[in-house]
Amino acid sequence: WDTPGLRWLFVDWEKIDPEAAEKYQTLVQSKHLQLKAMGRQGFWATPHTLRAKAYYHIIHSINSRSHTRTDVYYELTKKLFGEQKLSSHPAPEYMEAAEIPRYCLNKSGLNSVKKILLCLGKYFPDMNYCPILPALVSLILHFSMDEAECFYSVARLICYTDPNKRYIDQTFLTYRASCMTFGDLANKCCRGIRKLIASSHQNLFEFYSDWIMWIFADLPFIYAIRVLDVYLLEGYKVLYRVALTLLGLYKASVSSRVADVEDFRTDMKRFVQNVARHCSAETLLEKAFQIPMATRRELNLLFNANKDSLMQKGVTCHQKRSVKTQFVESVDFTNFSSTVVTGTEMRVVWAWIPERYALFSPVRLYSTTEHKRSLEEFYSHVEGHEPAVLLIKTVDEEVFGAFISTDVIERRKHDTKSLTYFGTGECFVFTLRPSMERYQQTVVNIMTRLVSGQQNGPCDSLPLSLSRSTSSMNGAGLTCPVGTPQDPRGDGGHALCLQQSLTGGRSEACDTFKNTPLCKGQFKIQALEVWGVQNCITCSHTHTF
């Protein structure tokens, strides 16, 4: 049928399928938490009419600021198309020439989608970049009584304002911030994929810019509507979960054939389109909800931090994607120079750090080849910079280091004779030679800065300590990072300890990072460098490349 809900006008389907009618009554009487569980379980997945009624109930229960009247759509279509039944208008600018997914729609259905998209563009003139809208409209039209109802439903999602549960990004700025947030989550939850792409000199920013299109464009119809079941109830966080699951499945698939992949973006798209070879729709959701995830509030903090970094690069709410390249581009490591790491190795490190910092070039703050080897000299060049990357090469050619998320001056804020713990859950340690590996807790409080050395659990832990203890003047030196904050004696292990003279140190397994020793244990330093991020520079004695 051309209009998906047309048959409801002539047939009382509740009498034909009383079980579906009973399910709908259960749905209507259920509270939000019950609906979430039902959505995840596919409670209203069949028949078609039950899902349609479920969507109507869920969408119209959303506390949206939309006051769109149902007759607005007819007024808009009359202004835009007159009496024409087919639209000859070009696609809305916010689509950026994106194709309308067919999702089993016939020619008339595709024309209806186009008309709805044009009306949405007219009704929301500030919406300048929203590539997922064609897929959302196409999917929701399947379960709408007519075009007007579909328009009204999508308008409610666009107007939803709770930042902790967002539904639809409407500008290039917010879309890119969401992509960066997904990149940060992927960095924690899907270890190895960033190193894989960065080592191949392909653009991580571009790869992750497709993440939401994997769901609302590339996934087969049956998978997409199962995601829609939970997305309408739970918002953006669900999309992060599903995309991370797809990325994990892809990593497992691509690892054995990485040498044959010329373009990871194209390869990923093809993989998602054929995801049925790897798992069912139900299995996809099951895996998605098993992923440890930050809270909505924490995700929103990270999203806003990424948005602020993009604005610092010059991207505005009115930015068009067509001119994005002059603002958002990957760092060029062609002319990178270091006594510790190669350009490719630094590219991998830069792929590991949070997205909002990876937008900017690394700047050398301290180097044992240029500066005096001492803890005091180290602090004098590194203080005032946040974040920083510590790189060490031993006399045995081992290379490892740490990402320090907070300014080392934090160590001075605590009047204590015991070890001082500071930092955020974004801190991590890593090895580059003889093998590349990053160690970081998966479940952390993103962007949450705590300072107490006595914490109650891993989610509140402060995995990084850069402190000069009371015995450091006698040679105990710099501890970076230390073991679990729950045990200030360091019984949890020290991932990395440096002597005050910066001539040597040791590395141990550490409960905070779940790492193995970063090197053979005791080591002598051949070279040590600290790199900051270009936009965070506050001192003049730095060297860019």
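The values are calculated or read from the model by the stated rules, or taken from the named source; none is laboratory data. Keep in mind it's a predicted model, so treat the numbers as computed, not measured. Cβ sites come from the backbone with ideal geometry, for glycine too, and all protein chains shown count toward neighbours. What goes into the accessible areas is simple: the full protein's heavy atoms, side chains included, and nothing from ligands, DNA or RNA. Shrake-Rupley method; radii C 1.70, N 1.55, O 1.52, S 1.80 Å.
Being closer than 21 Å to Asp210 by Cα and assigned to a helix (DSSP H, G or I) narrows it down to one residue among Leu118, Leu110, Leu173, Leu141; which is it? Talk me through it step by step, then tell me what you get.
Numbers: Leu118 fails: closer than 21 Å to Asp210 by Cα; Leu110 fails: closer than 21 Å to Asp210 by Cα; Leu141 fails: closer than 21 Å to Asp210 by Cα.
Among Leu118, Leu110, Leu173, Leu141, only Leu173 is closer than 21 Å to Asp210 by Cα and assigned to a helix (DSSP H, G or I).
Looking at Leu185, Leu204, Leu249, which is the one that is open to solvent by 20 Å² or more (accessible area, probe 1.4 Å), aliphatic (A, V, I, L, M) and either without any contact (Cβ under 8 Å) to a residue 12 or more places away in the chain or closer than 20 Å to Val349 by Cα (or both)?
Leu204
Looking at the structure I just gave you, is Tyr240 open to solvent by less than 30 Å² (accessible area, probe 1.4 Å), over 16 Å from the mean Cα position of the chain (by Cα) and modelled with pLDDT of 95 or more?
Numbers: open to solvent by less than 30 Å² (accessible area, probe 1.4 Å): yes; over 16 Å from the mean Cα position of the chain (by Cα): no; modelled with pLDDT of 95 or more: yes.
So Tyr240 fails the test.
Quick test of your reading of the structure: Val154 fulfils all but one of (1) of a type outside the set (D, E, K, R); (2) farther than 19 Å from Val230 by Cα; (3) in a helix (DSSP H, G or I). Name the failing condition by number.
All conditions pass for Val154, except number (2).
Any residue in the range 58-80 that is open to solvent by 20 Å² or more (accessible area, probe 1.4 Å) and closer than 29 Å to Lys269 by Cβ?
no
Mind checking whether some residue in the range 184-198 is at pLDDT 95 or above, assigned to a helix (DSSP H, G or I) and of a type in the set (Asp, Glu)?
no
Search the range 68-84 for residues that are farther than 13 Å from Glu147 by Cβ and pair each with any residue that is open to solvent by less than 90 Å² (accessible area, probe 1.4 Å) and small (Gly, Ala, Ser) when their beta-carbon atoms are under 6 Å apart and the residues are at least 6 apart or on different chains.
Listed by first residue and then by second, the contacts come to Thr68/Ala155.
Can you tell me which residue is farthest from Tyr223 (Cα to Cα) among those in the range 26-46 that are free of Cβ contacts under 8 Å to residues at least 40 places away in the same chain and open to solvent by less than 40 Å² (accessible area, probe 1.4 Å)?
Looking at residues that are free of Cβ contacts under 8 Å to residues at least 40 places away in the same chain and open to solvent by less than 40 Å² (accessible area, probe 1.4 Å), I get Ser30.
What tally of residues in the range 252-306 results from selecting those that are among the hydroxyl-bearing types (Ser, Thr, Tyr), open to solvent by 60 Å² or more (accessible area, probe 1.4 Å) and closer than 26 Å to Arg102 by Cα?
Matching residues across the range 252-306 total 1.
Between a first residue in the range 270-284 that is free of Cβ contacts under 8 Å to residues at least 12 places away in the same chain and a second residue that is outside any helix (DSSP H, G or I), which pairs have beta carbons less than 9 Å apart while being 6 or more apart in sequence or on different chains?
Cβ pairs passing all conditions: Asn274/Pro220.
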